[in-house]
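The values are calculated or read from the model by the stated rules, or taken from the named source; none is laboratory data. If you're wondering where the values come from, they're calculated on a predicted model, not measured in any experiment. Virtual Cβ from ideal backbone geometry, glycine too; neighbours counted across all protein chains shown.
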DNA sequence: TATGAATGAGTCTTCATTCAT
DNA sequence: GATGAATGAAGACTCATTCAT
């Protein structure tokens, strides 16, 4: 029984993702999602209080694995290693579904998702701030600002790559790494 | 007569900007814009074929002065100087109305504005590519990719700063400059 | 088995009563009733053909004890005594759950419950008409009209009292008695 | 222009009244009202924020003329005269559209219309309380309770008459007067 | 040209009811 | 019998756009 429900929920969320990708934010409506999911509109509302709850699920589904990866980076790895892992995780995650990532990035900045977004951002910032507290980390004026801005750079460059399509992950990661090192005033390590 | 029309158009576009800023993309509708502009909805449609045309005007109004500035950077200034001017222009422009900039960045990526966006992006890229062709410019694999990505970094960091509010322009420009130099693999010049 | 069913039915009807009281007619829906009853929506429909059948049960449950009491007033008691018993029974019954009474009074007047309502009203009217046929009863033009109107007065004053809350039964009964006597053109007996 | 709007509003409100009368509270929906009014659903919402606002207008339209009449009863007329005028006004008003009156009486008791109802009730109570303060008025324990209850009796008897249909106003008024006098413990004056 | 009333397609959401398990 | 997931018709409401004045 649980599996049945869980499956339906998953089907609906994936349908929502596809509708968002194919029709954009304007064309994203609950009827379209239900149809795409092969489910009645009533069923959709059985599992999601409203349209925003559906989007929230989408946001969470997108963010969760990324945050999980970040949180499993062990504290003893050197700053640069951790940074590269973070960049790679971000690139891998976002380039899976670039358009979806881009749209959700926008959605989660809307007032209605403030709480959800803050929660995710806090977890990511926490990881980044801890990284910046390591002995071999670059000195910055304000760690929380730096964390936020570094994340922005990573996302922006990945988005840009996603928009172009067909990107080489490794090279992209290198370019991002360069930019982030530059941001920190570090001469990029070889 | 013409000036009268031009003025009305300007009033409507500014009203659109304000509505967008205050109510977000969801709350942006033509009736609200007309009301804010102190103009009848009929008049609005006299000057703008439809909602998208209004948004297009908004996008243009936002982009034009920035592009103009870029295009007036003389070709003989050194790469680093030009880069700093570009960054400063971008920061100044975006931080005037950060929320508006952020929203329009999103809007112009929607399918309906593809042409308009490409046009602006092309002009900016053109400038950047020319910059990258200078003798003292860093070597890059693909100038058009680099141009696009550098612009993304600048925008992202400015957006991030705008979201926080009350930012010091000069410091922000320095951080952005660092990131861009890093992107190019340049040790940041003093 | 039968007792089991009867118990379930009773639980559902009581749940319906509570939902009606707490959420009003607008918030009264079968899913809420099932939930409140701790029963699946499927079970509810096993016992009640549809929503109206549930409401009908509620109406009956509310009316039945009252009608029963009326019907057990012996024919030999004087008119005034019978009238007072009627008033007291009505007050006691309605003030137990004033909001529920008020709402059901409205519901039973809806077209869908015409038959049910007529049936109950007929039984009550029958009792009242018999009362009015007694030797010591006041003369009225049309007994059936009088019966109906007297009942209306009793209900209205009890509803009014119920709306205020915390009423003294005896005093209310006295006021109602006064009004009914006045209706009959009787100088209120001491 | 104003007259045009005012007319549309009046047409819609009258359509609402008719829909309410013919289909009851369950069948009362904005689409039906718009259709009955010969107006688009959009127009309906141009003039009424929502369904409840439409009902509120209906309630006001129904109550206003009645309250106005009450408020014009001069303070120097004797209590009994004033009472009769009140009863006659109520009867005349309610019997114009008995079903509508009954339904609106119910609607205005719903939580959503609390404020509106209180406002009207206050005005009516005010008149009644002033009446009860006159030298020739009967003594009552609590004037505000008495005012409320008398009004309830009047309404209930008129509703009852309306339900039967084809009532003689004068006789009904007499019966009501009797009940009210009885309520006050007055031997009905000739 | 300006106005703003009018339009109605389109969206979100609820809830009575069914039916496979 | 019991369950509760699923259904979809129906209803509230919005907003881009038109057009008579």
Going through segment B:112-139 one residue at a time, which ones are within 18 Å of the chain's Cα centre (by Cα) and over 16 Å from residue B:152 (Cα atoms)?
B:112, B:113, B:114, B:115, B:116, B:119
What's the number of the only condition in (1) within 25 Å of residue B:156 (Cα to Cα); (2) more than 15 Å from DNA strand E (Cβ to nearest atom) that residue A:9 fails to meet?
(1)
Can you confirm whether segment C:141-160 contains a residue that is touching a residue at least 24 places away in the same chain (Cβ under 8 Å), surrounded by fewer than 23 Cβ atoms within 10 Å (Cβ to Cβ) and more than 10 Å from chain D (Cβ to nearest Cβ)?
no
Exactly one of C:27, C:42 is within 9 Å of DNA strand F (Cβ to nearest atom) and either in contact with a helix residue (DSSP H, G or I) (Cβ under 9 Å, 6 or more places away or on another chain) or within 23 Å of residue D:26 (Cα to Cα) (or both), and that residue is C:42
Within segment A:161-170, restricting attention to residues that are under 15 Å from residue A:90 (Cβ atoms) and part of a helix (DSSP H, G or I), which residue is farthest from the other protein chains (Cβ to nearest Cβ)?
A:169
The condition of being surrounded by 19 or more Cβ atoms within 10 Å (Cβ to Cβ), within 20 Å of residue B:152 (Cβ to Cβ) and more than 13 Å from DNA strand F (Cβ to nearest atom) holds, among B:87, B:73, B:69, only for B:87
Which fully enclosed helices (runs of 4 or more DSSP H) of segment C:1-99 have 1 or more residues being more than 22 Å from the chain's Cα centre (by Cα) and away from chain D (no Cβ under 14 Å)?
C:2-23, C:30-37, C:41-47
How many residues does segment C:171-190 hold that are more than 9 Å from chain D (Cβ to nearest Cβ) and out of contact with any helix residue (DSSP H, G or I) (no Cβ under 7 Å at 6 or more places or on another chain)?
2
Quickly run through segment D:90-108 and pick out the residues that are surrounded by fewer than 17 Cβ atoms within 10 Å (Cβ to Cβ) and either in the same structural domain as residue D:12 (by TED's automatic domain parsing) or without any contact (Cβ under 8 Å) to a residue 40 or more places away in the chain (or both).
D:96
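Here's the yes/no breakdown for (1) in the same structural domain as residue C:94 (by TED's automatic domain parsing); (2) over 20 Å from residue A:46 (Cβ atoms):
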residue: C:5; (1), (2): no, yes
residue: C:8; (1), (2): no, yes
residue: C:17; (1), (2): no, yes
residue: C:20; (1), (2): no, yes
residue: C:31; (1), (2): no, no
residue: C:43; (1), (2): no, no
residue: C:60; (1), (2): yes, yes
Residue check for residue A:35: surrounded by fewer than 19 Cβ atoms within 10 Å (Cβ to Cβ), within 15 Å of DNA strand F (Cβ to nearest atom) and not assigned by TED's automatic domain parsing to the domain that holds residue A:93:
yes
